Amino acid sequence: MPTITLPDGSKKSFDKPVSGKDVALSIGPGLAKAALGVKINGELKDLSTVIDHDVSLSIVTERDRQKVLDKDGLFLIRHSAAHVMAEAIQDVIGKDVQLAYGPPTDTGFFYDMYVPEGKKISSDHFEAINKRMAEIIKENREFTRYELPVGVAESMQAHKEDGMRKLFLEKNKYKIDNAMRALAAMAEKNPAAADRIAYKYQDPDGSYGEADYKTVQGAKLTFYANGAPGKNWEDLCRGPHVPSTGRIGAAIVTSLASSYWHGDENSDRLIRVYGTAFPTQAELDEYLKQKEEASKRDHRVIGKHLRLFHIDEDVGQGLILWTPRGSVVRKELQTFIAAELKKQGYTEVFTPHIGRLELYKTSGHFPYYKDSQFAPIVERQALAELSASGCTCAEMMNRVEGVSERLAKGINERTKAQTIAPDRIMADDKLVEGFMLKPMNCPHHAKIFGSSPHSYRDMPVRLAEFGTVYRWEQSGELNGLTRVRGFTQDDAHLFCTEEQIPAEIQGCLSLVKTIFNVLGMKDYRVRVGLRDPDSSKYTGSAESWDKAEAACLAAAESLGVAFSKEPGEAAFYGPKIDFVVKDVIGREWQLGTVQVDYQMGNRFDLSYIGPDNKAHRPVVIHRAPFGSMERFCGVLIEHFAGAFPTWLSPEQVRVLPISDKTLDYGRKVLSALQAVGVRATLDESNERIQAKVKVAADEKIPYMLIVGPRDAENNAVSVRVRGVEKDLGAMPLDAFVKAIAGEIETKSAVLSVKP
RNA sequence: GCCGCUGUAGCUCAGCCCGGUAGAGCAGCGCUUUUGUAAAGCGCGGGUCGCAGGUUCAACUCCUGUCAGCGGCUCCA
């Protein structure tokens, strides 16, 4: 006798078990027709799921009442499309392609598969695969779910109706592994009912299967057929799926990539086939158009086209050379951020790009993170002596990484733990001195803080630096401006008392808010990284952590944007807040972080004198809310598609004389603009005005001032604004100069100067 | 770091499969044109085909290695 509670709170009672489809029908035939699945107590299920007890339920359809695509609906469609694609691929490439894992993603789905030796799948096959997918969708075959028990017999030969037996017969080790994991997970969840199952299986052509694993009594495996079981293609799958292939709408395969089984590079290499699906062809087309749009915004392409930056092989991978135009963007942004920091009471510092190894041994960066740092720089003299003494490379690395007795003792005492392991301690005459390119600015800032005594009255001390750091990112990770090996952080360290943490975090967030607002990045969210309650890797007291986490959460909440709690994502030394922005076409970018650190004070023996006249440890807040200038500029290039607001544009105005005859007047206009600091140029080329306009438009110059004899006579300029494909008319030169200076001054996001 | 693909003029790309030492458009330079809002016309210059080996009478082309870029995987204090 199930009673079903619908999302609007209304209840429906039935006198016998009903399927999701029955419930939809009872609400209305239109809904039943549109239904793709159901959500039962928040869990997505097949529409055919039979309900025999009281639940809350919602019907999942393609889109909501506002005609917006529904997330759950898309999930069902794409998960189902992954099955259709897998069938199509096996039809096109061969039945011996072994499927591993095929989930939906944010933008589509993929299916990892093993393509046997000698066979190949390439983009040349896409057309055939797409065609086959379209056929399967058109056939509108029902997705049929069925379950098979496992462990019904010792010998798999004995019972046909055994899920594991079926998989063993298919000889697909990936699916067998998937099933084993699913079964083991059941045992984990319900240890009381856990049961051990052993199979022995004699294949007609020799022995094959043998399995011994844990699961629960009565465990079942779920399969889905693209049609009728035994007749059509089927797959081990947890589901859920749409009712039939026809409900997928439109699906295509989009790209190929390689992946590893379980993401482990020592494991089998698989081919990951990406695809996407939408309820209608029009939506799929729209998506493809958007993707094309996104690739047009690629900051690497725009950066080259607009000559913003250059990466040179001879300088090195991941090292950015900022050209004059790009430097303008970066500098304007930096000046803006610096001004906001000043308003918040930050003080600016400068520190060198390298520091002694001992500094990083103290901070803990070396050798702990040595794999992501540039190699240490060892002094020439020391190197020569080592080499002369026949020191091996391995021995040298040990001696470079070693720590003196004195340093180890201090750190271990202050951190009240064996932070420096005894095997790293080495006699002073064995240690090899050296330097390191700094991977972080904090050790230098800690030394500045420690260089003078501090009273609680001076706290917090806010040290800011646009500090350049170097990290050895893996070569495969490097990408344009967004992943580089040398970058400048908008870094600052806030040395504060424990009570000051909430206000300081609040300050960081309000800064971010201001800057995102000015840049028109209205859509962003924060992730609050909290400690994993089950882990012991964290330093600092539980009470401190509770307070700091509460401060982070309160600050995030006050920001007025979406935020999520991410347990286990905290750094070992304190909780953190990450910023994720969405650009104008909806892509998300991770920028910077704010992190609370209880450890650094101990490491560097920092202190301030409290009202009790005793020394106290300061807490340090690391904050680089925009990540790095490189990454942030990269994101902005894509956000604006190279069409920067006037205040950020490398070239704000271009003066275009109709012909040489008005060149002189053009020069006058140019000086008038430059006199008030506007970045303007004059196009002196011997081209027709059409060509000059085209070139300036391609270069995304915000304002074009066309000047001919008519304008010269009236001391006017004819204005053309980026994005408007026509002449807006003439206005007095003085008025234009005044207006654009105002637009730049206010950092307006829109181009508002017009006659 | 791993796997796959790519590397030809400043830029975008053709030529490579099937070896006979390179081609287009744009950009640049010169001349003509003096132009009113998204590319005027003509002419000229420019490349040891990423780099290093190998095969061959002969290599941009085939093979090996290497470097770099792209797509993904893994990673990101």
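Bear in mind these aren't lab numbers, they're just calculated from the coordinates by the rules spelled out. As the structure is a prediction and not an experimental result, all values here were calculated from the model. FYI the Cβ positions are ideal-geometry reconstructions off the backbone, even for glycines, and counts take in every protein chain you see.
Less than 16 Å apart at the alpha-carbon level, and either on another chain or at least 8 residues along: which lysines does that give for A:Lys537? Filter leaves A:Lys416, A:Lys576. Selection among A:Asn686, A:Ala696, A:Ser607 by position relative to the dipole of segment A:554-697 gives A:Asn686 as farthest towards the positive end (Cβ unit charges, Cα centre). In chain A, a dipole from Cβ-located charges (positive for Lys and Arg, negative for Asp and Glu) runs towards its positive end, and of A:Ala446, A:Leu256, A:Gln489 it is A:Gln489 whose Cα lies farthest in that direction.
Looking at segment A:61-122, which trypsin sites (Lys or Arg not before Pro) are DSSP coil and have at most 12 other C-beta atoms within 10 Å of their C-beta? Walk me through the numbers on the way to the answer.
Working: sites: A:Arg63, A:Arg65, A:Lys67, A:Lys71, A:Arg78, A:Lys95, A:Lys119, A:Lys120; in loops: A:Arg65, A:Lys67, A:Lys95, A:Lys119, A:Lys120.
Taking segment A:61-122 and a limit of 12 other Cβ atoms within 10 Å, the loop trypsin sites (Lys or Arg not before Pro) found are A:Arg65, A:Lys67, A:Lys95, A:Lys119, A:Lys120.
Calculated translational diffusion coefficient of segment A:370-434 (25 °C, 0.890 mPa s; Stokes-Einstein with Kirkwood radius over alpha-carbon pairs) equals 190 µm²/s.
Per DSSP H run of n ≥ 4, the term is -39500 (n - 2.57); total these for chain A, divide by its residue number, and report the mean residue ellipticity at 222 nm rounded to 500 deg cm²/dmol. Estimated from H runs of four or more residues: -10500 deg cm²/dmol. Quick one: Debye curve from the alpha-carbon atoms of chain A only, equal weights, vacuum; give me log10 I(q)/I(0) at q = 0.05, 0.06, 0.08 Å⁻¹ to two decimals. Treating every Cα as an identical point scatterer, log10 I(q)/I(0) equals -0.38, -0.55, -0.94. Computed from phi, the 3J(HN,Hα) profile of segment A:231-244 under the Karplus parametrisation 6.51, -1.76, 1.60 (θ = phi - 60°) reads 10, 9, 4, 9, 8, 5, 6, 6, x, x, 9, 6, x, 8 Hz, with x in place of Gly and Pro. Near A:Val400: Cβ cut-off under 13 Å, other residues only, Lys/Arg at +1 and Asp/Glu at -1. The net charge is +1.
Here's the list of lysines a cross-link from A:Lys694 could span, going by alpha-carbon distance under 25 Å and ignoring same-chain residues fewer than 8 apart: A:Lys289, A:Lys296, A:Lys304, A:Lys661, A:Lys668, A:Lys726, A:Lys754. Using +1 at the C-beta of Lys and Arg and -1 at the C-beta of Asp and Glu, which of A:Ala384, A:Met396, A:Ile420 has the Cα lying farthest in the positive direction of the dipole of segment A:376-426? Sorting the options by dipole projection puts first A:Ile420. DSSP beta bridges fully contained in segment A:646-745 are about 45 percent antiparallel.
Just how large is the dipole of segment A:454-554 about the Cα centre, in debye to the nearest 20, putting +1 at every Lys and Arg Cβ and -1 at every Asp and Glu Cβ?
Details: 12 positive and 15 negative charges, 74 e Å.
Using Cβ point charges on Lys, Arg, Asp and Glu, segment A:454-554 gives about 360 debye.
For segment A:617-755, the Cα gyration tensor yields ellipsoid semi-axes of 34, 16, 13 Å (square root of five times each eigenvalue, largest first, whole Å). Taken along its three principal axes, the alpha carbon spread of segment A:243-372 comes to 64, 41, 38 Å, from the longest extent down to the shortest.
Tell me the net charge near A:Asp583. Cut-off is 10 Å between Cβ atoms, A:Asp583 excluded, with +1 for each Lys or Arg and -1 for each Asp or Glu.
Around A:Asp583, the charge tally is 0.
Distances between placed amide hydrogens fall under 5 Å for A:Leu437 paired with A:Ile377, all partners being 5 or more residues away or on another chain. Projected label points at A:Asp698 and A:Ser10, each 7 Å from Cα along the beta carbon direction, are separated by 6.2 nanometres.
Once the Cα-Cα distance is subtracted from the 0.36 nm per residue extended length, the A:Gln217 to A:Gln418 segment shows a gain of 67.7 nm. The value obtained for segment A:1-146, namely the Cα convex hull volume divided by the number of residues, is 133 Å³ per residue. Taken about its Cα centre, segment A:352-432 carries a charge dipole of about 280 debye when Lys and Arg each add +1 at the Cβ and Asp and Glu each add -1 at the Cβ. Cross-link partners of A:Lys11 among lysines, defined as those whose alpha carbon lies under 30 angstrom from its own and excluding same-chain residues fewer than eight positions apart: A:Lys21, A:Lys33, A:Lys39, A:Lys45, A:Lys67, A:Lys71. Computed over segment A:3-59, the quotient of the alpha carbon radius of gyration and 2.2 N^0.38 Å is 0.97. Each of A:Gln506 and A:Lys430 was given a label point 7 Å from its Cα along the Cα-to-Cβ line. The distance between the two points is 5.3 nm.
Each of A:Asp96 and A:Ala550 was given a label point 7 Å from its Cα along the Cα-to-Cβ line. The distance between the two points is 6.5 nm.
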